[in-house]
There are 4 protein chains.
Amino acid sequence: MSFNSFGHLFRVTTWGESHGPALGATVDGCPPGVPLTEADIQPWLDKRKPGQNKYTTQRREADAVEILSGVYEGKTTGTPIQLMIRNTDQRSKDYGEIVKTFRPGHADITYYQKYGIRDPRGGGRSSARETAARVAAAGVARQVLATLVPDLKITGYMVQMGPRGIDRTKLDLSVIGDNPFWCPDAATAELWATDLDALRKTGNSVGATIEIVASGLPAGIGAPIYAKLDSELAAAMMTINAVKGVEIGAGFGAAALTGVENADEIRLGNEGKPVYGSNHAGGILGGISTGQDVVVRFAVKPTSSILQPRQSVTIDGQPTEVITKGRHDPCVGIRAVPVGEAMMACVLLDQLLLHRAQVGEGPRGVIG
Amino acid sequence: MSFNSFGHLFRVTTWGESHGPALGATVDGCPPGVPLTEADIQPWLDKRKPGQNKYTTQRREADAVEILSGVYEGKTTGTPIQLMIRNTDQRSKDYGEIVKTFRPGHADITYYQKYGIRDPRGGGRSSARETAARVAAAGVARQVLATLVPDLKITGYMVQMGPRGIDRTKLDLSVIGDNPFWCPDAATAELWATDLDALRKTGNSVGATIEIVASGLPAGIGAPIYAKLDSELAAAMMTINAVKGVEIGAGFGAAALTGVENADEIRLGNEGKPVYGSNHAGGILGGISTGQDVVVRFAVKPTSSILQPRQSVTIDGQPTEVITKGRHDPCVGIRAVPVGEAMMACVLLDQLLLHRAQVGEGPRGVIG
Amino acid sequence: MSFNSFGHLFRVTTWGESHGPALGATVDGCPPGVPLTEADIQPWLDKRKPGQNKYTTQRREADAVEILSGVYEGKTTGTPIQLMIRNTDQRSKDYGEIVKTFRPGHADITYYQKYGIRDPRGGGRSSARETAARVAAAGVARQVLATLVPDLKITGYMVQMGPRGIDRTKLDLSVIGDNPFWCPDAATAELWATDLDALRKTGNSVGATIEIVASGLPAGIGAPIYAKLDSELAAAMMTINAVKGVEIGAGFGAAALTGVENADEIRLGNEGKPVYGSNHAGGILGGISTGQDVVVRFAVKPTSSILQPRQSVTIDGQPTEVITKGRHDPCVGIRAVPVGEAMMACVLLDQLLLHRAQVGEGPRGVIG
Amino acid sequence: MSFNSFGHLFRVTTWGESHGPALGATVDGCPPGVPLTEADIQPWLDKRKPGQNKYTTQRREADAVEILSGVYEGKTTGTPIQLMIRNTDQRSKDYGEIVKTFRPGHADITYYQKYGIRDPRGGGRSSARETAARVAAAGVARQVLATLVPDLKITGYMVQMGPRGIDRTKLDLSVIGDNPFWCPDAATAELWATDLDALRKTGNSVGATIEIVASGLPAGIGAPIYAKLDSELAAAMMTINAVKGVEIGAGFGAAALTGVENADEIRLGNEGKPVYGSNHAGGILGGISTGQDVVVRFAVKPTSSILQPRQSVTIDGQPTEVITKGRHDPCVGIRAVPVGEAMMACVLLDQLLLHRAQVGEGPRGVIG
């Protein structure tokens, strides 16, 4: 109901603007007794942090998280955890000239139409800076997940930038951290670098597609109908700035398949668990996890803040040309990778708690 | 929170199984004084109804809706509206031989793993029959929308079946009702007929892509961050059976665009409202409507119930081959069209009520 | 959010009017695998049923519950359970003459002011008949509670009718079922019979106070701050028709106590659990159960539908005198007893599921 | 769902402990364009602030509120408002000796049993200090209420302390601020001063009853069944620390009344609105406001932290005697007055927004 919260039982409410004194997340419903310090959260924020290479905004933010509540002697107490990140480099003067104009492709026009407010400071609440709060909250979720499902592993990477996709036959998760694009294909990463250098010089930007994979999630997590795991993941990913599409497993590709092709055949594996011959389902059937990898992909549109002139109107209705100076990401998709991982972590934990509530911790439908 | 409800203020809870005595929807939060009779809802159910042509399941259901509460003298009272649809053709014997096996690509295995229950009667709660309840609920939503935003028009159609997409240059909304595929391109509809005849003969099925367009929605509807209009729509569409992907506007195509290409340029129209040069945004910026058409597409996987044998396991863990006899849709995407329209109606009404709650009915940010 | 739902995880939505074709409850979030048939629910409805003696309304309703969904082969499936009760004795003609007047003390005036609807048929949705749906839903809750906390016992009884209260020194739970008042003090029950006979003859009605006790609830159930067990119980009891006050343990009496008097002293019992010297807390401290009896009391105002004339206005604003004929309870408090028990069952189950979600089933803070 | 949030549309989440670095409230769903500065909120916090006279705890807190987000150029933006209050006088050493014991009547034992955590610092999250965050949030609510219902007035006062109640015939709202007890009867205030001086000398504490009245609320606000205005108010008041009972209008007194006595007779007033001959209903019928004063009373138990020894156990299960030194309120009821007002403000605003969502701003049922 609340516009700035997500999650049912592990519930995160984010707050704060790009250019205010601080932003943060209120994390409610966290299980008690989980080890948690700021040092557990900071690495995830560092991964998302701007200004780490020439392909992301040059805004410099320490993004240092402070835990203001909910932790006592290094453990969660079960009460709300307030995570605050102070803004330290909010040069709002950069935005001065656009106070009265609307950027094509940017939310400033719809915020104004909805609320009657024109807050030009870095996009206010619609800034991608809000995602820092999610990443911090997900740092808490990961600590809990580590206690509940120690084998769970969440990995995000970019699979397409502009028209160029990775070569799936070269996919190597071990190289993701070796390039500025979280690209799992080293050769493609080099081509992207060339592509993006060219785009930046022309003051243009570009879209991207991100893939997030969760392995190690047990079967049976999720719920039918309106809390389907895929629906929850789609909602979560679609809340990330600039995301315009979400798909699970074969996704849009499934539209082109036949039933024979799409059916993931089943056999019983050595450990007495079902093993599937393929994963078109992306690890989810009927909204509930199968035990296979959960595979989500989402498309990120190109940054709307570009240096090339676009036709627009002023708040007074006058025609104008907009060029957005300031510090912007030429490909916001890059920084969406850790954010997508964060949303995956939050959704999975929330669903695990929901499952525990309804079904308990004991055994349920066992095959064989 | 509730697994079988959706919506925040206009809140729908569906119940019932494919092969029980009845199914239905409890609609809560409906504004009072809205004209509503069963005759207002029935046409939408008839549109979704199975057995209307050879391309949908031959199950025969009247799908006659009964209003059990919430209406007095032909008007809504503001109290909950119970919509019940009796099942009349639930031949559960068709499913007899699959009681102990799991269909590849079907939710029966995950329901069993979650709940420890194996209800073989037509898929139980995971059956697409549940969508009848949504369509009925959306019939209520449409009556309310007609009073709040009379110009709103929601149109759904199929744009791809298997590998074959429509020719966008031939798109003609007036022909949608003239073919069994809700196809807006008459020539493609004929090709689909040939394609699907061939598939049916081999006992196979096929996927599809559906597009739902809402025109006439005012600007300013939706909310930032975790109740973004696109996020709500993505969640809603992804709850429809067999849906594996959702996109808004340019969607996954936006990943391949540059910022220059993607920016929908703005000018002020004759009526004093912004007019856009394109609609890559799909009518939504920052989670809030722009006033352009809201454009959503979703991919439907092929029906998992097919007549060709697939490898699987029994509940006892034994390897087996599954052939699913019974009455199934060779392309469930066809019947997903009115369901997608229904979800669009419910989401938009819910968001309109949320907007009225927070911002009221008075004027807000006006341009020019 | 939803106006006709309660509970967070065990979520009940009731629907239906006093004089429509049926009413019922949609129960969502029920754990799977719990034994459930209509015969498990019916006894609770029979206990609440009108017309059982001369002190309750003479309306004759079988109140036969039908389970329309969510149960397969006698066990819950984890999907929504639809409970329907058909209305069979809705003589709406009884209300004919009051269509245009408002009964003093009745909700018909506020419903009209809110919704602009005047549904005279037996109070429509505001009728106490809605509580049948709650009692049915609580029948489901009790089945689940029996599996989760077999020692839990919920007992309700009337402790005051009009100015006359029971003699606490004579309290004997074994006699509750022996008189028409659910009175745990046989001597007082006889006096109440005399009192109420006199009131009925004059066409008057009277208020009452009900006490509901839950014994056997483990310590640690509930939550701090805004989901306190006492807050949830207060909200639940206050939703029962005609309830005007709720208290826990010493309740309003605690205002007159000193800290020395009010403190329930603690020692360790033989079973290694804390034992308290008194129970002013009513089994709840800081919103969380102590393991003592949970004690809730609520006050029920006298029925507003009486045969003595009261000054009122018509819908046209004209002064009028109202006498409410028809079949009414001279003391609605009597039939509120099983309803209060029902709400206790629903709240406790919901809280147990919430607790299991956040804290799990394993050990937590153990004393000694 | 979330344990630390309340409200449906105007949604407040509080966070922070008594002895951490800060506490606060995240306010979501606030309408945009409402004037708001820290100076609008601070007076309400000052009213609740400890240490203002010898009858409240001697802890010294500035309770200075900082707005960290959601406000731009002195107006709300419609995005979440973060209100932070730093703790400045958290002498946790005062509590040192009680780390291993449980105070009779205090929540430390149940928090431990639930979460397995023993945070001795000032009661952690269960401290009444949490109410500062509510009062701050209500400061925002009041600003919105001032724009929506300018005539609304919320007044709280103490009507009983220990066994001594006020003389209702002397009730004079103008003297409430003239004594340290928020007492509307000057003579009783003097007697309370004598009573409380005596109690403090013996290291004892005492309970109280508070009354909160809202005048000027239009008819039609609230909702039937599970979001009844009285249920929402009861839940809200019962979440305040140490509250053990809540009643509306005649409340528990209604149990002793007859229907003839209890019925508030109606006539049409000069302004064309219904006027009532009495207000036993406390301004609410069927969960919906009548337009009369909304009258809520709640009972506050005596502070459990007292200087007289009480029997208890240690965390190791050993018997012990507890004396709670430190700075405590001899009558926490005093400081509950502004908190009760705050909860009233938040509930009424939330209900007004819910009403606007469902019914709109236009005319509804008009009498006459």
Among what's in region A:100-130 and is facing another protein chain (nearest Cβ under 7 Å), among the small types (Gly, Ala, Ser) and assigned to a loop (DSSP other than H, G, I, E, B), pick the residue that is surrounded by the most Cβ atoms within 10 Å (Cβ to Cβ).
A:Gly105
Regarding region D:173-181, can at least one residue be identified that is modelled with pLDDT of 95 or more, crowded, with 23+ Cβ neighbours inside 10 Å and within 19 Å of the chain's Cα centre (by Cα)?
yes
Residue that is nearest to D:Leu45 (Cα to Cα) [pool: residues in region D:133-188 that are among the basic types (Lys, Arg) and outside any helix (DSSP H, G or I)]:
D:Lys153
For region D:1-24, how many residues are within 9 Å of chain A (Cβ to nearest Cβ) and outside any loop (DSSP other than H, G, I, E, B)?
9
Filter region C:58-90 for residues that are hydrophobic (A, V, I, L, M, F, W, C) and without any contact (Cβ under 8 Å) to a residue 60 or more places away in the chain; which is farthest from the other protein chains (Cβ to nearest Cβ)?
C:Ala62
Could you tell me whether any residue of region A:81-101 is at pLDDT 95 or above and among the β-branched types (Val, Ile, Thr)?
yes
Can you tell me how many residues within region A:252-261 are buried (at least 24 other Cβ atoms within 10 Å of the Cβ) and in contact (Cβ under 8 Å) with a residue 12 or more places away in the chain?
1
Does A:Val213 satisfy the condition of being under 18 Å from A:Val300 (Cα atoms) and more than 8 Å from chain B (Cβ to nearest Cβ)?
yes
Would a scan of region D:337-356 turn up a residue that is surrounded by 20 or more Cβ atoms within 10 Å (Cβ to Cβ), at pLDDT below 95 and more than 26 Å from D:Ala255 (Cα to Cα)?
no
Options B:Gly245, B:Gly253: the member that is touching a strand residue (DSSP E or B) at 6+ places or on another chain (Cβ under 9 Å), assigned to a helix (DSSP H, G or I) and either within 8 Å of chain A (Cβ to nearest Cβ) or at negative phi (or both):
B:Gly253
Can you pull out every residue in region D:32-78 that is of a type in the set (A, V, I, L, M), outside any loop (DSSP other than H, G, I, E, B) and closer than 20 Å to D:Thr131 by Cβ?
D:Ile41, D:Leu45, D:Val65, D:Ile67
Mind listing whichever residues of region C:15-48 are touching a Leu at 6+ places or on another chain (Cβ under 6 Å), over 30 Å from A:Gly360 (Cβ atoms) and crowded, with 21+ Cβ neighbours inside 10 Å?
C:Gly16
Pairs, first of a type in the set (A, V, I, L, M) in region C:9-24, second surrounded by fewer than 24 Cβ atoms within 10 Å (Cβ to Cβ) and assigned to a strand (DSSP E or B), C-beta under 6 Å, six or more apart
C:Ala22/C:Arg86; C:Leu23/C:Ile85
Which residues, taken from region A:45-74, are closer than 22 Å to A:Glu341 by Cα and of a type in the set (D, E, K, R)?
A:Asp46, A:Lys47, A:Arg48, A:Lys49, A:Glu61, A:Asp63, A:Glu66
Just one of A:Val322, A:Val347 is β-branched (Val, Ile, Thr) and under 18 Å from A:Glu130 (Cα atoms); which is it?
A:Val347
When restricted to C:Thr239, C:Thr202, C:Thr155, C:Thr188, the only residue without any contact (Cβ under 8 Å) to a residue 60 or more places away in the chain and either touching a Phe, Trp or Tyr at 6+ places or on another chain (Cβ under 6 Å) or surrounded by fewer than 24 Cβ atoms within 10 Å (Cβ to Cβ) (or both) is C:Thr188
Residue count, region A:189-215 (criterion: more than 21 Å from A:Ala234 (Cβ to Cβ) and within 22 Å of the chain's Cα centre (by Cα))
5
Filter region B:189-217 for residues that are part of a helix (DSSP H, G or I) and β-branched (Val, Ile, Thr) and give the result.
B:Thr194
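The values are calculated or read from the model by the stated rules, or taken from the named source; none is laboratory data. Predicted model, so just to flag it, every value in this text is computed and none were measured. Ideal geometry is used to build each Cβ from the backbone, glycine not excepted, and the neighbour counts take in all protein chains shown.
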